[in-house]
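Written out below as structure tokens is the structure these notes cover.
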């Protein structure tokens, strides 16, 4: 089983705890994107990133100074969004880190696919960004089938804990015979399952932590997740979608 998660917009430099073990697999493509981003004037970069002037200026300086091979942080420690805070890799034990390295993959608009200990520099580039590079008009077309082809789980299962923005860059291109299982974390409202953004991010992070702490390699065992008040709902689940409902109280 391999697990996919989204990156986070917010990043940090994390040199001091653990060192990176390798460079990202798609560094050549990342270099192409970096050259494109460096050539954009600040206003064009702001429009591409859909951010305010302050963030655009910070991102512009970041890209101008970026070194893709030095001063890097392990990816699993570099991202700092809600999902990563609930995953809490800073307090993983050795076995949990080993599990993450073997099973967890972080999708990225800038780096493609990252293993937890791949070295990364802070960046800002969402998968939905409308890049115009190499004859492509989006990051989805730029990455094409590369990302899906990077997955080859021994049991043929990919557990999807990523947002739709990122998972769709992989789903269409998985090798034949590979099954993607998605997770829904919601609440029953008026007889329907409703997902709430912040709660979903929290649950995804807790799910990764749960899987790592228990060393889970059979996707069916993910159904035992019972943190943050969630419980597996067999009646609303099937072989491609596991539904976890927030319990009253």
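Laboratory data are not the source of any read-out in this text; all were calculated from the coordinates shown. Since the structure is predicted, the reported quantities are computational estimates derived from the model, not experimental observations. When we count neighbours, we look across all protein chains shown, and the Cβ atoms used for this are built from the backbone with ideal geometry, even at glycine.
Once the Cα atoms are used to define both axes, helix 27-38 deviates from the longest principal axis of the chain by about 60 degrees.
Of the peptides 70-76, 143-149, the order by per-residue mean of other Cβ atoms within 10 Å, starting with the highest, comes out as 70-76, 143-149. Between residue 228 and residue 54, the contour length at 0.36 nm per residue exceeds the alpha carbon distance by 59.1 nm.
At 222 nm, what value in deg cm²/dmol follows for the chain if DSSP H runs of at least 4 each add -39500 (n - 2.57) and the sum is divided by all its residues, to the nearest 500? About -10000 deg cm²/dmol. Computed from Cα atoms, the angle from the helix 94-103 axis to the main principal axis of the chain rounds to 80 degrees. For region 69-195, the square roots of the Cα gyration tensor eigenvalues, ordered a ≥ b ≥ c, give a/c below 1.5, which places it in the rounded category.
State the antiparallel share, in %, of DSSP beta bridges confined to region 2-246, rounding to the nearest 5. Each step should come with its number before you reach the end.
Numbers: 14 of 31 bridges.
Once the DSSP bridges in region 2-246 are tallied, antiparallel ones form about 45 percent.
When restricted to Cα atoms, region 2-246 yields an Rg and a Dmax of 18.1, 53 Å, respectively. For region 102-135, the residues whose backbone nitrogen is under 19 Å from a point 7 Å from the Cα of residue 65, taken along Cα to Cβ, are 120-125. For the chain, the longest principal axis of the C-alpha atoms and the axis of helix 197-214 are separated by about 70°.
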